Each structure stands twice: as structure tokens, then as C-alpha cells.
1. Below 8 Å between Cα atoms, with a sequence gap of 6+, how large is the relative contact order for chain C in percent?
2. Hey, for a label at A:LYS14 modelled as a point 7 Å past Cα toward Cβ, could you say which residues of region D:35-56 have their backbone N under 20 Å away?
3. Under 5 Å between amide H atoms, partner at least 5 residues away or on a different chain: which partners does A:LYS82 have, H built in plane at 1.01 Å?
4. I'd like the antiparallel share, as a percent to the nearest 5, of DSSP beta bridges with both residues in chain B.
5. Taking 0.36 nm per residue of separation and subtracting the Cα-Cα distance, what length does fully extending C:LYS26 through C:GLU237 add?
6. For helix B:57-67, report the angle its Cα long axis makes with the longest principal axis of the Cα atoms of chain B; keep it between 0 and 90° and round to the nearest 10°.
7. Which of the peptides A:153-163, C:83-93, D:253-263 is most tightly packed, and how do the rest follow, going by the mean number of other Cβ atoms within 10 Å of each residue?
8. Helix C:142-153 sits at what angle to the longest principal axis of chain C, using alpha carbons and giving 0 to 90 degrees rounded to 10?
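The values are calculated or read from the model by the stated rules, or taken from the named source; none is laboratory data. Being a predicted model, the structure only gives us computed values, none of them experimental. Because the Cβ atoms are built from the backbone with ideal geometry, glycine has one as well, and the counts that use them run over all protein chains shown. Each accessible area value is taken on the protein alone, full model and side chains, heavy atoms only, with ligands, DNA and RNA left out. Shrake-Rupley method; radii C 1.70, N 1.55, O 1.52, S 1.80 Å.
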Number of protein chains: 4
Amino acid sequence: MYKYVLKIKCSDAKGLIYKISSVLYKNDLNIEKNSEFVDNENNKFFFRARLDGTIDTQKIKNELQDEMPRDAKITLAKKVKKQVIILATKESHCLGDILLKHDSGELNANILCVVSNHDELRPLCEKFGVKYHFVSSSDLQRDEHEKEILNVLNKYKVDFLVLAKYMRILSQSFVDRYEQKIINIHHSFLPAFIGANPYKQAYKRGVKIIGATAHFVNNNLDEGPIIAQDVIGVNHEQSWKDMQKAGRNVEKTVLSNALDLVFDDRIFVHQNKTIIF
Amino acid sequence: MYKYVLKIKCSDAKGLIYKISSVLYKNDLNIEKNSEFVDNENNKFFFRARLDGTIDTQKIKNELQDEMPRDAKITLAKKVKKQVIILATKESHCLGDILLKHDSGELNANILCVVSNHDELRPLCEKFGVKYHFVSSSDLQRDEHEKEILNVLNKYKVDFLVLAKYMRILSQSFVDRYEQKIINIHHSFLPAFIGANPYKQAYKRGVKIIGATAHFVNNNLDEGPIIAQDVIGVNHEQSWKDMQKAGRNVEKTVLSNALDLVFDDRIFVHQNKTIIF
Amino acid sequence: MYKYVLKIKCSDAKGLIYKISSVLYKNDLNIEKNSEFVDNENNKFFFRARLDGTIDTQKIKNELQDEMPRDAKITLAKKVKKQVIILATKESHCLGDILLKHDSGELNANILCVVSNHDELRPLCEKFGVKYHFVSSSDLQRDEHEKEILNVLNKYKVDFLVLAKYMRILSQSFVDRYEQKIINIHHSFLPAFIGANPYKQAYKRGVKIIGATAHFVNNNLDEGPIIAQDVIGVNHEQSWKDMQKAGRNVEKTVLSNALDLVFDDRIFVHQNKTIIF
Amino acid sequence: MYKYVLKIKCSDAKGLIYKISSVLYKNDLNIEKNSEFVDNENNKFFFRARLDGTIDTQKIKNELQDEMPRDAKITLAKKVKKQVIILATKESHCLGDILLKHDSGELNANILCVVSNHDELRPLCEKFGVKYHFVSSSDLQRDEHEKEILNVLNKYKVDFLVLAKYMRILSQSFVDRYEQKIINIHHSFLPAFIGANPYKQAYKRGVKIIGATAHFVNNNLDEGPIIAQDVIGVNHEQSWKDMQKAGRNVEKTVLSNALDLVFDDRIFVHQNKTIIF
């Protein structure tokens, strides 16, 4: 089983694989799996390798940096559980699914705490012994509320924020602090039905398929890089509440799949799109 | 095998099924299958039955009309092949699929002719012995071009127009002539990517799933009642042309499924949505 | 919202819908939805209606019985939460999903207790305040073990047993006691990969899609009437353990969907197949 | 756009990527895309690269052979259209779909001819100007019939045989002549419903999903390496003939997808499984 993940993103050039594999070979590293992608449109090269053995990461990084184009962004890090905070509001299905997977050891992450603008989900978190912070937004401006949330977040060293049906829009300044570190689950097949109550929108439009989308959050609502999507069929007999109920299983599965990809360092982001290895 | 299709659409009221089944029972009709739906939001009742035997359709309709609410719209017609004209432009996959099914007797319709604003698809149609009308749009205003198309269409007695990748937008007056009689295949998962080149849009947005949508055409572009949709997964390795290629199989299957539903009289339209039995 | 469910299964005959709707209409009942199906091959008629209002169920049943064919099996019952016992072994994903839905009020059932042949899932059940019975099978013959389980089950008045990854095969005499009352989730796309370790079988066969199947249990292993199935794509990079992990989300969703159908009285069983309304 | 495909299959060893990329780099080749896979269970390494430029293929192959493990099987060939013969029986949907794609230039293959044990599909082939050989099996033993088919096949230089709903079982000696060169479409989700009339089997079993499987043919019926699979949902209302009709779109799409993979040299076969890049 691999212990390190090497990720390289740089301008494309001839011989990159040769140069990378040369460094790895000369350092006698076991490569468990290489993945690569060249984005010809943007002339970008993406590379990921899973490495085994004991590694002097700084030495390898330096040697790679010498061989790669100047703009190369190289990360080489031990595979460790990510430190994660979950934001939620009132719905329990996504949060509950994550707590269950955390509890059974299936989640490649430690849940530091759950933060919510409501108090409804406290009992669920307490069942699983996960700390719960209720940060009410009542009578607060958005920036005031976010400031209070940041006060909580700042107590922790966090790798990723997971919005597990957190129903408030985050400000640009908040999002900027956590660039490519916030994962959201949106309850529609984006870019269809951006914004509020997508199930009602889907019902009204009379679609025959509904879906869910997990994506990184950027400062445009529901427009960040898409990580995972899935769909289910619906028909005229289903009210929007029926669709909402049916959609919950899709939402939690899509979010769960996205978190696996993120926590295993399998994603590059470029030009508002994800490259997933 | 059923020989008649009865369709009723009216305001909802108590006892409608009793009243309908009473008329059918007293006339000693074989009902092969009933389907019904009540749209509570709009207080509308929809009913369809497949009937066997020899039927005095006018008598049955009159008796039903007496029992049903005043606004009842009742159709009772022998199951016959629909008379269909296909409009296409240059792409052959949807047209070819329809021609093949027509040829093998799987299509519940007669293809009267194919009309195109280009001449590329003529050889394909000639293979299958289907009349081809090339109506060039060069140097013509939209209304002039549509007038020439209407000159062709008016030579035929047509039940439905099928837009099998016909790449020109129809005017409101054209659409109004064929209300709920024009079926279009749009190469995206509507309402995502309305308009031109949805595959490029999908590629640019970085979605992980693409789709196709068959719908009735109304006077708002790509906003008519949806009949059928389907999707396939895509990934970062696929260019928009790869997506376009992969999408073709979905497009033709979705259109084919929609045509089966339309030609078998299985669809009601209400409030810009379809009820499908 | 409907309060009663009427279900009728009988030999097919002319006028059944008329006769049923006549009884319902004359009793001034609100029918929220009718569903019907005629199995021509077996000459069987299936009918289900959701009824609203206050009903003298015995009177209605008697009147219907008078009108229907002699073999008619009629049930008319108030919509109530089903009483359910869950059997599990060591895996937590299906059980946890059911407990979560139970906890959030989404499950149309009361969980009376959980019975397991291992003790691993006790902490999970205790989190949710659900009684846990550990009935070890160590040193016991199958019939002895089942006898001990029956001792537990007999303390409760149970409508359905749910096998949420219960990994022991039940004897025919056990199954016979709970005819059409045991729902199992099998971790393959039945009838492919019946029996032990379907993920290993799927891996070895090199399939490109794996699935899960929820079914009623009869006395042939994995051969009971299928209620729900779903699938996901896999590829050569996935070990059987990867497939197992990916399959868990499908297993729990399929089981959840099947339980919704069962608990809402939407299923008929005939000739080892399900008719689902 | 790439012009050559390099494929290597050998025992796994450290540094293989380094050694391959070293040869390619020193020969100044443009690598458009590398793909690799290590089958740890069988200690096998699989590699495919798409190369651009003008290449002395023999020189490159020799240099690679020197660097690779002794058991390395290396192919480096110009990307060319494959030479293909289609075998069919009476059903037109798969054959028609292939002919349409061939006609519109979407198929990366030349269709040399169609061979059938019936004469029904002749008119379809003649529409597309494709030579048709009717080789009746009437009054013939299987080996006699195959001998006559081989007489036809031997007139051509063929890369692949495509069984587009060819409904006769091929003998082991026939299959051995075309190892990994025969692609079949089976009308079920293998390994479910091996053998005759899978739709009837699926109907009888009461499955909720049906599918199709494209696979290489080996000498065990329907047990060769799987290339592609897909599924659609079905329900109790569908007769086996309805399932058969619905399945046709899946069959032809799955076969079409499989042919794209085969004709683009994207597949390795090992241990009765496919590795697809």
C-alpha cells in the first residue's frame, strides 16, 4: 500500500515523464501507480504518482524541481488522514452519512467538529461523540455571522471544510480564505437549477432526471469546479417533496464519492475544472 | 393487442373512474390497460385506456362526454401509424436511426419525407427510398425560408414533425401551426446548456455527466415540455468533440424513446410538463 | 394525504375496475390514486388504491368481496408504521443507514430491535437507543442458532424482518414462518453471482458493472422475488476490495428504496416476481 | 493527432516507465498520452502510448525490447483503419447501426463484407453497398457450415470478426483461429442469463434491470473477456418482447462502444479480463 503521493502541475514540455521517472528510478522508489494528463488547450501537464518506501521528500522535491519547467508546482507528502470540519444546517442525511463512515473507519479524514447555524443536528453529532458548535445567524449580518464562524474554525488546524447541506451563501472573503478547500454538495445536476430550492425548480420544469453535484466552492454561487455528479430518474407522479426525498440518497452518495477523491489527493483544479486521477 | 386508445383530460372530481369504467363496462369493452393521474396542484385528471374489440367511437365519446366534467377533452381513436415528416440538417445519426427503425418495421409511423436546409443527407435518405426535400436557407430571411418549408409540408397530411438535429430555430408563427406536434432532440441535459453548442458549454463547465433531451417545441428555445432524457458520464480526458461523439448514441436513443411514446399516444401535456402513461 | 391502502389480487375478469370503483364511489370515498396491472400470462388482476377519509373497513371489504371473483384476496388497512426487526452481522453501512433514517423520521417503520450473530454492531445501535440482541452462533448447529434467534423474535410482534447484510443462510423452516416478510440485500446484480463473496466473483469475471439486489427471501438462496436493483460502473483498476467499498453505497440505497416500497404497501408478489405500484 | 500506438505487456519490474520513457525521449518522440496499469495479483505490467511524428518502428521496438523484461510483448504500429467482417443472422439493429457509422465515417474500420446464415439482411447491406454472403446452415452439420463460412472469410485479410447478433455458436476450432479477434454482443448483463433467449430468462426471473455485454469470444459460451456493458431499468408491465425491444438500443450502443475501443487498440486481454486504456 502506497505511503506518499506526488503531484506535479506545470507547463507541458517534451520528456517530462522521462525526467520524472528518471528521478524516481535513481532514488530507487517504488511507484505503485502513475497517472498523467496533458491539457493541450492550455498546454498544461498534470502528474500524480503513488509511492511506496521511505522517502526523503525534500531531496526528491528538489531534484524534481531542477528537472521540471520553472512553473512546476510540486507536492510530495505522506498519505495522512485529512483534518476536516463539517458545516451543516438542519438536514441530517449527508452529515449522518459522513459520521457513519467516520465511525466505521471508512473516511480518510478526522472530523474535528461540526458547525451549524441551527441547533437541530446537535443530538446526531453527540451520538457519535463529535463536537458541535451552534453559531446562530439570528439578528446577524452575513459578515458578522461569518466572523463568529471563523472564530470557531480558527481554533482548529483544518485541511478541508465540507458543506454538508449548509444552506447559507458564503461571502467572497470567506471563500478566499479557503481556496480549493471547501467542498459543497448542491442538490441539482449543475449547471441546471443553480440557487434556491432546485427540487422545486426541477419539478416545475418537468425534468425526467434529477441529480446532485459535489464541487469546490469559489466565489460564484454553485459555479466552482465540479468533482462528482450523479442522477436518478423521476416522473410526473412525483411532487417536489418526493423528488427531494429521492434525491437525498444521491446527494449523500455523490458527496461521499467526492470526499474520497479529495481526501486521497486525487484531484487537480485548473481553469475551474477538475482533473481526477 | 389493443386497437383503440381513449384519452381524457378534465378537471378532477369524485367518481371519475367509476363513471368512465361504467360507460366502458356497459358497452362491453375489453380494457387492456387503464392509466390515470391526478395533478392535485392544478386539480386536473388525466386518463388513458387501451381498448380492444370493435367500437362505435362516436357513441362511446358521447356517453363519456355526458358523464365527465364540462371541460373534459376526450379522444378515442383507432391505433394507427402516425404520418411523420423529419427535419434535419447535416448530422446523420438521429435521422439514420429513425430510417433504420422505419425500415425494420419498429417505428409506429410512416415517414412521409425528409426536409433539410442542406443537401448532405440526401444519399442516406435515397438508400432507404425516402423522399428528400432540400430547402436551402442561403440568402433567405428566416420567414422566407420557413415559408418555403411550409410549401413542402403543406403537400402532406402530417401528424408530427420530428426535428432530428435540425439546427435552425423555428419562428413562433411556425411553431404555433404545429402545437404539440413538433418533437425536438436537444443535445444537452436541459435545462442545462440551452442554446448553441451545448457540448462546448459542457466541456467548458467541466461537468462529469452529459445528456440529451427530447421535448415538444414551443415558442421558447429549448423550453418546451420534456418527454425523455438520458445521460452518460464524461471525464477530463474528453475534448468537446469526444463528448459530442459519445453524446450521439444518447441523442438518438432518447429521441427514439420519445418517438415511441408520442406515436403510441402515451403523452399528455399540461402546464409545460408531460404526463406519460 | 391518504390514510388507507386497499389491495386486491384476483383472477382477471371483465369489469373489475367498474365494480371496485362502484363500491368506492357509492361509499363516497376519496380515492387519491389507483394503480392496476393485469398479468395476461397468468390471468391475474392486481389493484391498489390509496384512500382518504374515515372508513368502515370491514363494510367496504365485504362489499368488495361480494363483487370480486371468488379467489380475490382483499386487504384494506389503515396506513401505519410497520414493526420491524433488523438482522445484521458485522458490516455497518446498511444498518447505519436504516438507523439514521429511522432517527430522522424518514423510515415508515419502527425498529423494534437489532439481532446479530456478532457483537460488533452493538455500539452503533446503542448510539441510536435501539435494543441489541447478540445471539452467537458459536458451537451451534444452524437449527439451534435459529431457535435462539426465534426466541428473541417471538418476544416481539413483527411485520417484517430486514436482513441488513446478515451473512448466514436461513433454513427453510425459518423462512416459511415469515413468508414474504423477510427482505434481504444481496451484494450483486442477481442472478449474477449468487452465493458467497459476489465482489470477488465479479472481480474475477472482469465485469464492467456491479450491482446490488434487494429481494424477498424464499427458501432458495438469493432466488426470491426481486424488489429493487441498481448498478455502478467499475474498471480494471479496482481490486475486489475497491469494488466492495464502491458497492456499499449501492447496497444501502437499494435496500433503502426497497424498504420504502415494502413499508408503504406498494408491492404484490406473484409467481416469484414483484408487481410494484 | 497521434499516428502510432505503442503497446507493451510484460512482467512487472522497477523502472519500466523510466526505461520506456528514456527510449522514447532519446528518439525525440512526441508522446500524446501514456497509460499504464500494474496487475499486482499477476505481477503484470501494461503500457500504452499514443505517439506522434515519423517513426522508425523497428528501431524503437528493438531498443525497447533490449530494455524490457524478456517476456515483453511489444507492438508499435501505425494507426490504421481495421479490416472487419461482420457476421449476423436476422436482426438488423446492431448491423444497421454499424453500417450507418461506417457510412458517416465514424467507424475506425473498413467493413469488408457481411456474412449471414440467413438472407434477410441482404437488402440492408445492399443499401450501403456492402457485399453480402449468405451461407445457409440448412442441412449442414456445424463443422460443415463453419467450413463454408471460412471459405468466405479466407478470401479476405481480416483483423476482426464482429458478431452483430449472430445467433449460432461457434466451434472451438473456429474460435481458436481468431483468438481475441472475435467480438460478440450478448443480450444480457453477463454473467447473468448465459445462453439462449436471455430476455425470456430475465422476464421470468423478474429482474428490475436488464443489460447487454460486448465481449471477446473464447471457447466457452458467453464467457470471454468482457469489453463493455450497460443496463436499463425494466418493470412488471413489460413482457419479454417489450424487454427485447427496449434492449435493442442498449445492445447496439454497447457493441458500438466496444468496437471503438477495439479498433483504437485500447484493450489488453489478460487472464480472461480486459484492461482498457
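1. About 15 percent, as a whole number.
2. Under cut-off, by backbone N: D:35, D:49-56.
3. Those qualifying (amide H under 5 Å, at least 5 residues apart or on another chain) are A:ALA109, A:ASN110.
4. 70 percent
5. Gain on extension, C:LYS26 to C:GLU237, equals 69.6 nm.
6. With both axes taken from Cα atoms, the answer is about 70 degrees.
7. Highest to lowest by the protection proxy: D:253-263, C:83-93, A:153-163.
8. Roughly 60 degrees, rounded to the nearest 10.
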